[in-house]
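S.K.: Sharing a structure, written as structure tokens. Questions coming.
Taken together, the values in this text are just the output of simple stated rules run on the coordinates, not laboratory data. Computed from a predicted structure; not experimentally measured. Note that each Cβ is placed from the backbone with ideal geometry, even for glycine, and that neighbours are counted across all protein chains shown.
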Amino acid sequence: MSNASDCLGCTADVPEWMHLLGRAVAATSVAVVARRLGVARSSLSLLINGKYPGSTSNMAARVMDVLAEPCPVYGGGRTSESCASRRAEPMPTSNPFALRQWRMCQLCNLWSDDNERQ
């Protein structure tokens, strides 16, 4: 569990879902987070300690779905990468609904200039 709390100071080479997982475990416990994710405590413990034997892609998707803050415009888990990529997209001009979403994304107060520097 010490690696989970260390994850708070992780470098940029650690995926964002591991940061979210580390913060959640540091705030509560491995057992509580495992229950919330719907996975075995032992699997989560192995994942946190870097000893998970399988692919982490399914676990990463589950962590993002459950622990990430939802995007108020597009839904789903909101990450700094998803915010940056959606904000960088060109303005849609042929679909009024997509244009409304794009404008709402551009004006979203969850985004800050600090995110652009990361």
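S.K.: Please give the contour-minus-distance gain from SER29 to ASN49: 0.36 nm per residue of separation, less the Cα-Cα distance, rounded to one decimal in nm.
M.R.: On the way: separation 20, 0.36 × 20 = 7.20 nm, distance 1.39 nm.
Gain on extension, SER29 to ASN49, equals 5.8 nm.
S.K.: So what's the net charge close to MET91: Lys and Arg +1, Asp and Glu -1, counting the other residues with Cβ under 13 Å from its Cβ?
M.R.: Values: positive: ARG86, ARG87, ARG100, ARG103; negative: GLU89.
Counting the neighbours of MET91, the net charge comes to +3.
S.K.: Among residues other than ALA60 whose Cβ falls under 14 Å from its Cβ, what is the net charge (Lys/Arg +1, Asp/Glu -1)?
M.R.: Working: positive: ARG62; negative: GLU16, ASP65, GLU81.
For residues surrounding ALA60, the net value is -2.
S.K.: Assuming 0.36 nm per residue, please report the length gained on full extension of the stretch THR56 to LEU107 beyond their Cα-Cα distance.
M.R.: Values: separation 51, 0.36 × 51 = 18.36 nm, distance 3.38 nm.
Stretched out fully, the THR56 to LEU107 stretch lengthens by 15.0 nm.
S.K.: Using R₀ = 35 Å, calculate the FRET efficiency as 1/(1 + (r/R₀)^6) where r is the Cβ-Cβ separation of ASN95 and ALA68; round to 0.05.
M.R.: Numbers: r = 26 Å, r/R0 = 0.75.
Taking R0 as 35 Å, the efficiency between ASN95 and ALA68 is 0.85.
S.K.: Just the number: Rg to Rh for region 33-100, Cα atoms, Kirkwood Rh, two decimals. Present the calculation step by step, with values, prior to reporting the outcome.
M.R.: Working: Rg = 16.5 Å, Rh = 14.3 Å.
Taking Rh as the inverse mean 1/r over Cα pairs, Rg/Rh reads 1.15.
S.K.: Taking the beta-carbon count within 10 Å as an exposure proxy, list GLU89, GLU16 from fewest neighbours to most.
M.R.: Numbers: GLU89 11, GLU16 18.
Least crowded to most crowded, the residues run GLU89, GLU16.
S.K.: Only counting other Cβ atoms within 10 Å, I'd like CYS83, CYS71 sorted with the fewest neighbours first.
M.R.: In increasing order of surrounding Cβ atoms, one gets CYS71, CYS83.
S.K.: Give me the net charge for the shell around CYS105: Cβ to Cβ below 9 angstrom, other residues only, Lys and Arg +1, Asp and Glu -1. Write out the running numbers ahead of the final one.
M.R.: Working: positive: ARG86, ARG87, ARG103; negative: GLU89.
Counting the neighbours of CYS105, the net charge comes to +2.
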